[in-house]
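Report on the following structure.
Just so you know, all these numbers are worked out from the coordinates, no wet-lab data involved. It should be emphasised that the depicted structure is a prediction, and the values quoted were computed from it without experimental measurement. All Cβ positions, even for glycine, are placed from backbone atoms using ideal geometry, and neighbour counts span all protein chains on display.
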Amino acid sequence: MLMSGIARSIGRVTEGLLFGVADVVDVVEPVAKFTEGLKGKPGVRNVFSMGLEEWQPTEGTRYGLIWTQWCVGHLSDGQLVAFLERCKDALDKGGIIVIKENLSPSGEDFFDEEDRSVTR
């Protein structure tokens, strides 16, 4: 069975984890310098140079695993819900979505003025 994944996490996770569990990986990353070494690499199907708020799954593409790491804090609540809806629509039956983020220690959202992110 072909297992495909999409990642919004590059480097160690893509190469150290996803390449071990997926036959092909699509990568979403708005900063091109972070993905330059992945283009054309065996196992990388697509590199989408855009943010999660813009990403649309290629028609007909299904994913067994969708991994996001340290990025949803840069989305508004509405953008996050829309992204997760698109992920759900592209997910294989039995597929999983992983969201790895930092959590607010106070239990309340924290807006970081410096990087413009929200820790929920």
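Remarks
- Beta-bridge orientation, the chain: approximately 15 percent antiparallel, per DSSP, counting only bridges with both partners inside.
- Packing-based ranking, highest mean first, of 104-114, 49-59 given that Cβ atoms within 10 Å are counted: 49-59, 104-114
- Kirkwood hydrodynamic radius (C-alpha pairs) into Stokes-Einstein, the range 4-119, 37 °C and 0.692 mPa s, D in µm²/s: 223
- To the nearest ten degrees, helix 77-90 and the longest principal axis of the Cα atoms of the chain are 20 degrees apart.
- Alpha-carbon spread of the range 54-99, three principal axes, descending order, Å: 27, 19, 12
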